[in-house]
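The values are calculated or read from the model by the stated rules, or taken from the named source; none is laboratory data. These figures come from a predicted structure and were not determined experimentally. Glycine gets a Cβ as well: all are built from the backbone with ideal geometry, and neighbour counts include every protein chain shown. Protein only, heavy atoms only, side chains kept; ligands, DNA and RNA dropped before computing areas. Shrake-Rupley method; radii C 1.70, N 1.55, O 1.52, S 1.80 Å.
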Amino acid sequence: MIPRRFRLAATALVAALVAGVVGAGGVTPAATAADAAYADISGSGSTWSQNALDQWRRNVQSNYTMTVNYRGLGSTAGRTDFINRSVDFAISEIPFQLQPTEKGAQPEKPPVGGYAYMPIVAGGTSFMYNLKIGGKQVTNLRLAGATVTKIFAGKITNWNDPAIQADNPGLAMPDRPIQRIARSDGSGSTAQFTMWMSKQHPDIWTTGMTSQFPDDVGATLQNGSLGVSAYVGQNYGEGAITYVEYSYALKSGFPVAKVLNAAGYYIEPTASSVAVAMLKAQINTNASSADYLTQILDGVYNNGDPRTYPLSSYSYMIVPTQEGGTFNADKGRTLGAFAKYVLCEGQQQAEQLGYSPLPMNLVQAGAEQIKRIPGAQGSTVDINACNNPTFQPGDSLDNNRLAQTAPQPADCDKQGPSQCVTGTAGAAGTSTDVTGSGDGGAAAGAATTGTAAAGAIAATDPAAASTAAEAVYDANGNLLSGAAGGGRAAASAPFSIPDPVPGAPAVMMAAAAVLLLAAIGVPPLLLRRSRRPNGR
C-alpha cells in the first residue's frame, strides 16, 4: 500500500498543475482538465474575416488541442454549405438571403434546423491599390465616396480623372488607366460594398446590392480576398485598385485609400476608426426575427464623427441550434468553447490582424447565442472575466474603450488644399512626396498602425517579413515562385502572431501527466527500497 504522505504530495502537485492549466491566460474554453478532448469541427465561408479566424484556429490548436477546420470559399459558399448541413458552422458578412435582393437572383432556401447569428469581429472594407508617380509608390491616396463608386461602376477609367485629382491636391495624378479588380465568387465583401454604393450613391450604382459582382462594368475578376489582393500586389497590378478587408492590405505591405466621411475627413479603416463608426450601427434586437443580431449600417455610413470610417461592419458566425447533418452535441461542445474564445480573448489580437474588436453589447449578444448551441452549455461567458480590449468590468453597454481613445484626424486629412503625406495600412512607414499643387502634412497617429503590426510579424516570424518580395504570381493570382501561405494568396505569408499565452496550457497539461505517472510509479519503488535491510 502507498503511504498516505506520498499520495497526498502527488495529489497536491497534480492539482496545482491542473489549476495552472485552467488559469493560464485568463478565461479558458474548458472548465476542467477532463474537458481536454474535443471533437473536431469544420466550417466554411468568408475570406473577409479569414485572417482573424485562421489566427484563432492556430491559437486554440496550440493552447487547447482543439481542431477547428475552415475553408475560405466566400460567404455565399459558406451559407450554402450550412444550408446543406455539410459543415458545423459558416462565416458570412450578410445573413441568409431568404428574399431576392438583386435582379434575377433566386432566394436561398432556409437552412434545415435552427440557426443563430453570432458576431465575431468588426473591420473596414478597404480599397487596396498599386499606383506610382515618377516611379515611386503612392501611399496616401484619398477618395470620396462618389469617386469610389464611379470607379467601380466603370464611369471613371483613368487615374488623372478630375474627380480623383480633386480628392488629391498633393499628388500630380498620372495619366494611367485604372484596373478595377473585383471578386469572381459570391462574397459578403461584394454584398457589403455594393449595398453601401446603392444606398449612398444610387444615381451612380444602379445595380443594387449583389453578392456576385456584375460582369458588365469591365472589372478583372479574381477568386477570394487573397486572389484580388494578390493581383493588385504584383508588378502587372500597377494601376489597379480593389475592395478587400483592411487586413489583407496590411499583411501584403500595400496602402489603402482614405475614404471621405460625412464630417469631411479622409479616414483610414484602423481599429479605432471602425470602433467609432460602429457606435452608430443599429442591431436587430428582435429575438424572434430571422435576422436577429444582424446589422443595420445606415448610421455608420453617415456617422458625423470626424474619426469614423464609413465602410465599417462586422462578420457573423452562423451556428446551429439543433443537431442534424454532420453536427451533434459533442461537436457543439467544441463549437461553444471556440466561440467563447473568439468573443473574449481572441479579440485581443483583432487590431494586430487588421480588424477591430467587438464591443460589449455584441459580446453579450453573442454569448446568448452560444447558450443555444447543443452541447455548449459549459461555455458560459463571464463578462467580467472576458479579457476583451473594448471594455473592463463595470463598463456600460454603450461604452467602447477603443472609441474613447481614438485620435482626432489631422488637419491635412480634412477635405481641402492640404493632403497628409503619411502612408497607410501595410505602407504606413512610407510617406509620399508632394507632387501636386496642395500642401503636405502628417496624419495623426497613422504611421504607427501598419508598422507596429508588421514589426510584430517580423519579430515572431522573420521569414514572413521577406516573403512579399520573394513571392511571384500570375495574372490570375496563382503562385508561380517563392513562399506563400498556400493556394491563391496575397504576396505575403499569413499572419502568425503570438497568442497571449502560447501553448502554456498544453505544456502544463503534459507536465501534469508526467507528474501523475510519477505519483503512481515512484511511491511503490520508494516503499520497496525502504523495506530492504540497511536500505539495500
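May I ask you to list pairs of residues, at least six apart or on different chains, whose Cβ atoms are under 6 Å apart, with the first in segment 197-218 being under 17 Å from ASN302 (Cα atoms) and in contact (Cβ under 8 Å) with a residue 40 or more places away in the chain and the second being β-branched (Val, Ile, Thr) and crowded, with 19+ Cβ neighbours inside 10 Å? Qualifying pairs under 6 Å: MET197/THR149; HIS201/THR149.
From the list TYR266, TYR246, the one residue that fits, being in contact with a helix residue (DSSP H, G or I) (Cβ under 6 Å, 6 or more places away or on another chain) and open to solvent by less than 10 Å² (accessible area, probe 1.4 Å), is TYR266. Looking only at segment 224-244, how many residues end up being under 23 Å from the mean Cα position of the chain (by Cα) and part of a helix (DSSP H, G or I)? Count: 9. Of the residues TYR316, TYR292, TYR309, only one is in a loop (DSSP other than H, G, I, E, B) and within 18 Å of the chain's Cα centre (by Cα); which? Being in a loop (DSSP other than H, G, I, E, B) and within 18 Å of the chain's Cα centre (by Cα) holds for just one of TYR316, TYR292, TYR309, which is TYR309. Scanning segment 353-382 for residues that are open to solvent by 50 Å² or more (accessible area, probe 1.4 Å) and not basic (Lys, Arg) yields ASN361, GLN364, GLU368, GLN377, GLY378, THR380, ASP382. When GLN99 is tested against (1) modelled with pLDDT of 95 or more; (2) open to solvent by 20 Å² or more (accessible area, probe 1.4 Å), only condition (1) is not met.
Residue-by-condition table, conditions (1) within 25 Å of PHE127 (Cβ to Cβ); (2) of a type in the set (Asp, Glu); (3) at pLDDT below 95; (4) in contact with a Leu (Cβ under 6 Å, 6 or more places away or on another chain):
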position: SER272; (1), (2), (3), (4): yes, no, no, yes
position: GLY304; (1), (2), (3), (4): yes, no, no, no
position: SER312; (1), (2), (3), (4): yes, no, no, no
position: THR326; (1), (2), (3), (4): no, no, yes, no
position: ARG333; (1), (2), (3), (4): no, no, no, no
position: LYS340; (1), (2), (3), (4): no, no, no, no
position: GLN349; (1), (2), (3), (4): yes, no, no, no
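The criterion of being more than 16 Å from ALA257 (Cβ to Cβ) and in contact with a strand residue (DSSP E or B) (Cβ under 9 Å, 6 or more places away or on another chain) does not hold for SER198. When every residue of segment 13-28 is checked against the conditions, none turns out to be modelled with pLDDT of 50 or more and open to solvent by less than 40 Å² (accessible area, probe 1.4 Å). Here GLN50 does not fit the description of being in contact (Cβ under 8 Å) with a residue 24 or more places away in the chain, closer than 17 Å to MET195 by Cα, touching a helix residue (DSSP H, G or I) at 6+ places or on another chain (Cβ under 9 Å) and among the polar types (S, T, N, Q). Determine whether LYS251 is charged (D, E, K, R) and at pLDDT 95 or above. No, not satisfied. Scanning segment 383-395 for residues that are in contact (Cβ under 8 Å) with a residue 12 or more places away in the chain and either among the polar types (S, T, N, Q) or surrounded by 13 or more Cβ atoms within 10 Å (Cβ to Cβ) (or both) yields ILE383, CYS386, ASN387, ASN388, PRO389, THR390, PHE391, ASP395.
Looking only at segment 396-417, residues that are surrounded by fewer than 18 Cβ atoms within 10 Å (Cβ to Cβ), of a type in the set (Gly, Ala, Ser) and not in a loop (DSSP other than H, G, I, E, B) come to 0 in all.
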